[in-house]
Amino acid sequence: MPDDRYRHAFTRWLTRLRDDIEVDFNPFHRDPAVGEWLYSLFCDNGEMTTAHLAPHVMARRTLLAESSVAALIRDIRAAGHRAPDIVIDVMEPDLPYSLGKISVEGTHIQSVDAQGVLAEAADGVQTYVAYPGWTVWPTCPAHRLGVHPSSTAGVAEWFCSAGHVLRPICRDLS
């Protein structure tokens, strides 16, 4: 990641972002892809203000939300359900959302890592699927209970109401 010439300045910028009340994600996230993305932005732009960072955060969240929703729709179809018409709302940066706001069927996307966005998008998609006909998707075959999205240790998983992980939400986000 950062070479010695930039290490101190990059770390200082990440610390400033972490301490900024308007930044709603952890810039020291454990996912290497988040660090690589931020380092690339730093190399191209230097220490950006929150206002200058906002379009980059919005673009990343939108791209990750779109790929997550596409993967979730494939799973819904594979389970034999009709593909829902999922809406991804994009609200430009403004008060109170200085980094903008991306939401999937009303669920606010706050993560900037692929698995975190997947879990948040799954929550919105699951709520949308359940609403019109009380469709429970997905379910745990062992307990016949609905499962809920969770992001634990950097992996988006379906968690059974009986208290165990059913499976990863999606194996392939492409």
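The values are calculated or read from the model by the stated rules, or taken from the named source; none is laboratory data. Just so we're clear, the structure is a prediction, and the values are computed from it rather than from any experiment. All Cβ positions, glycine included, derive from the backbone under ideal geometry; neighbour counts span all protein chains shown. Heavy atoms of the whole protein, side chains included, go into the accessibility calculation; ligands, DNA and RNA do not. Shrake-Rupley method; radii C 1.70, N 1.55, O 1.52, S 1.80 Å.
Within the range 75-166, the trypsin sites (Lys or Arg not before Pro) that combine a DSSP coil assignment with at most 11 other C-beta atoms in a 10 angstrom radius are Arg82, Arg144. Note on the chain: helix-only mean residue ellipticity at 222 nm, from DSSP H runs of 4+ residues weighted -39500 (n - 2.57) and normalised by residue number, equals -15500 deg cm²/dmol. Report the residues of the range 103-122 in range of a label on His81: point 7 Å along Cα→C-beta, backbone N strictly under 18 Å from it. What the label zone holds, given the 18 Å backbone N cut-off, is 104-108, 118-122. Here is the short version for the chain: Cys43, Cys170 have no other Cys C-beta closer than 4.7 Å.
Among the listed options (i) 1.13; (ii) 1.11; (iii) 1.03, the one matching Rg/Rh (Cα atoms, Kirkwood Rh) as calculated from these coordinates is (iii). Highest mobility in the GNM of the chain, judged by mean-square fluctuation with C-alpha springs under 10 Å and restricted to Asp24, Asp44, Asp123, is found for Asp44. Annotation: for a label point projected 7 angstrom from Cα along Cα→Cβ of Asp20, residues of the range 30-74 with backbone N closer than 12 Å are 42, 46-58.
The stretch between Glu66 and Asp89, if pulled fully straight at 0.36 nm per residue, gains 7.2 nm over its current Cα-Cα span. The chymotrypsin sites (Phe, Trp or Tyr not before Pro) of the range 46-149 that meet both conditions, a loop assignment by DSSP and at most 13 other Cβ atoms within 10 Å of the site Cβ, are Trp134.
Here the accessible area of the range 52-174 is 55 percent carbon and sulfur, with a 1.4 angstrom probe and all protein chains present. Probing with 1.4 Å while keeping every protein chain in the model, the per residue accessible area of the range 20-174 equals 52 Å². Could you check the simple spin-label distance between Tyr131 and Arg74, using points 7 Å along Cα→Cβ, in nm with one decimal? Between Tyr131 and Arg74, the simple spin-label model gives 2.6 nm.
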